[in-house]
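In what follows, a single structure is set out as structure tokens and then discussed.
What follows is calculated from the coordinates using simple rules that are stated; it is not laboratory data. Remember, predicted model here, so these are calculated numbers, not experimental data. Don't worry about glycine lacking a Cβ; one is built from the backbone with ideal geometry, like all the others, and counts go over all protein chains shown.
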Amino acid sequence: MKNYIKDIRRSMNMSQEQLAVTCGVTRQTINAIENDKYDPTLSLAFKLSISLQTTVDKLFVFKENAN
């Protein structure tokens, strides 16, 4: 799943640590999500969208694996 968390976070001059604190997760979790190594739970996706003042559908884009 592609995401725009890093782009939106940076446009808000927010660090990974600041975002992590507001969402109740570790900075490593934010890093893993931004680098497509971890797909967040639905509740975390909503926390991210609230913290980044956007909607879930603007943060994440579903990309089906090409087989």
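State whether one or more residues within region 25-39 are touching a residue at least 60 places away in the same chain (Cβ under 8 Å) and part of a loop (DSSP other than H, G, I, E, B). No, the conditions are met nowhere in region 25-39. Within region 42-63, residues that are more than 21 Å from E17 (Cα to Cα) sit with their Cβ atoms under 6 Å from residues that are surrounded by 10 or more Cβ atoms within 10 Å (Cβ to Cβ), at 6+ positions apart or across chains, in these pairs: F62/M1. In region 49-58, which residues are more than 11 Å from Y4 (Cα to Cα) and part of a helix (DSSP H, G or I)? Passing the criteria: I50, S51. Scanning region 1-18 for residues that are loosely packed, with under 14 Cβ neighbours inside 10 Å and without any contact (Cβ under 8 Å) to a residue 40 or more places away in the chain returns D7, R10, S11, N13, S15, E17. Residues in region 37-58 that are surrounded by fewer than 11 Cβ atoms within 10 Å (Cβ to Cβ) and not hydroxyl-bearing (S, T, Y): K37, L42, Q53, D57.
Within the option set V25, V21, V61, being loosely packed, with under 14 Cβ neighbours inside 10 Å and among the hydrophobic types (A, V, I, L, M, F, W, C) holds for one residue only, V61.
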